[in-house]
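Here is the structure we will look at.
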Amino acid sequence: MPKGPKGQKRPADVVSNAVKVMKIATGEEEEEFDGKDGKDPAAQAMGRKGGKARAESLTAKKRKEIAKKAAAKRWEKSD
């Protein structure tokens, strides 16, 4: 069975699916949604910490080197 963007069950045929989406859009039906996005909350929390911790630990000199390398890669000619 097809699934919506958040894993909701949807009708298999195109017309039924279009009717379902239209009813959800107009408010005739509620979309069944459990609120979970399929990601581990602990991993999300660690990811949010990681970028901030790395930014705090980098020196100005190291940040400048990283930025120069990234800029060179962006402007590098690719044939």
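Tabulated values for the structure
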{"quantity": "Residues being within 30 Å of Pro11 (Cα to Cα) and hydroxyl-bearing (Ser, Thr, Tyr) - total across region 21-79", "calculated": "1"}
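Condition check ((1) at pLDDT 90 or above; (2) outside any loop (DSSP other than H, G, I, E, B); (3) among the hydroxyl-bearing types (Ser, Thr, Tyr); (4) surrounded by fewer than 11 Cβ atoms within 10 Å (Cβ to Cβ)) across all residues:
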position: Ile24; (1), (2), (3), (4): no, yes, no, no
position: Gly35; (1), (2), (3), (4): no, no, no, yes
position: Ala43; (1), (2), (3), (4): no, yes, no, yes
position: Lys49; (1), (2), (3), (4): no, yes, no, yes
position: Lys62; (1), (2), (3), (4): yes, yes, no, yes
position: Ala71; (1), (2), (3), (4): yes, yes, no, yes
position: Ser78; (1), (2), (3), (4): no, no, yes, yes
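The values are calculated or read from the model by the stated rules, or taken from the named source; none is laboratory data. Just so we're clear, the structure is a prediction, and the values are computed from it rather than from any experiment. No Cβ is skipped: glycine too gets one built from the backbone with ideal geometry, and neighbour counts run over all protein chains shown.
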